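Chemist: The structure under discussion is supplied below as structure tokens; questions concerning it will follow.
FYI, it's all coordinate maths here, none of it is from the lab. Fair warning: this is a prediction, and the values are worked out from it, not measured in the lab. As a convention, Cβ positions derive from the backbone with ideal geometry for all residues, glycine included, and neighbour counts pool all protein chains shown.
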Amino acid sequence: MHPDHLTGRVGQVTNQDTDGHRPEPLHTDSKLGRVVVSEEALVTRVEELGRQITADYLDRPPLLVGVLKGAFVFMSDLARAIRLPVEFDFMAVASYGSATKTSGVVRIVKDLDLDLSDRHVLVVEDIVDSGLTLSYLRRNLLARGPASLEVCALLVKEGLQRTKLDLRYVGFNIPPDFVVGYGLDIGERYRNLRRVCVYVGEDQPRPAS
Ligand code: 5GP
């Protein structure tokens, strides 16, 4: 059985896709605030990133390392925008500390299957907030001896990074609100939203301090 918010059986379809054929999965609650990145902007920017990565990696197709779960939607679109024989691997991490504040101490919940030695690794991240998760990941992956390691982050929250980040590719710089959609969730919801929106529910995480 499908939840109503996916089948479109409840509410009115007000958020049609730009071509009018594929309606946005309906999320009929009122916890979605303003659109931070539209579907159209995502499509355009992901294509641009794909072109840039294709040009940069022409002679050394990268191994894409996706950070689960949030990056799976971005990674899927980005990979198809890269015109090279890329390979894929995934890892899942969990942050120690509260659910809403990154402590910087990260536990690997699912490790990579592949050996990174001499590989050109491109880490694909959904969102960088404090940057602590990414800086842990970078250290951890670099210790495995890749030929190169770069990061492609779809979203970077302005001004919140507690550590200097070296991000080769960035999709969008966004304000420091809690956002959902295009892979990003709250309590596993909204990942299939086709745009990125501010989450305005009362249960929204407080900003990291
Ligand atoms: P950082 O270590 O950079 O503070 O946190 C990165 C992780 O926190 C992301 O990979 C993501 O899982 C989560 N995160 C940070 N900001 C947001 C947000 O606005 N929305 C969602 N859904 N997750 C976020």
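Chemist: Taking the residues in the range 151-172 that are touching a residue at least 40 places away in the same chain (Cβ under 8 Å) and not in a loop (DSSP other than H, G, I, E, B) as candidates, determine which candidate is farthest from the ligand (Cβ to nearest atom).
Modeler: Only one residue tops the list, namely Tyr169.
Chemist: Okay, moving on. Of everything in the range 117-145 that's in contact (Cβ under 8 Å) with a residue 40 or more places away in the chain and part of a loop (DSSP other than H, G, I, E, B), which residue is farthest from the ligand (Cβ to nearest atom)?
Modeler: Arg119
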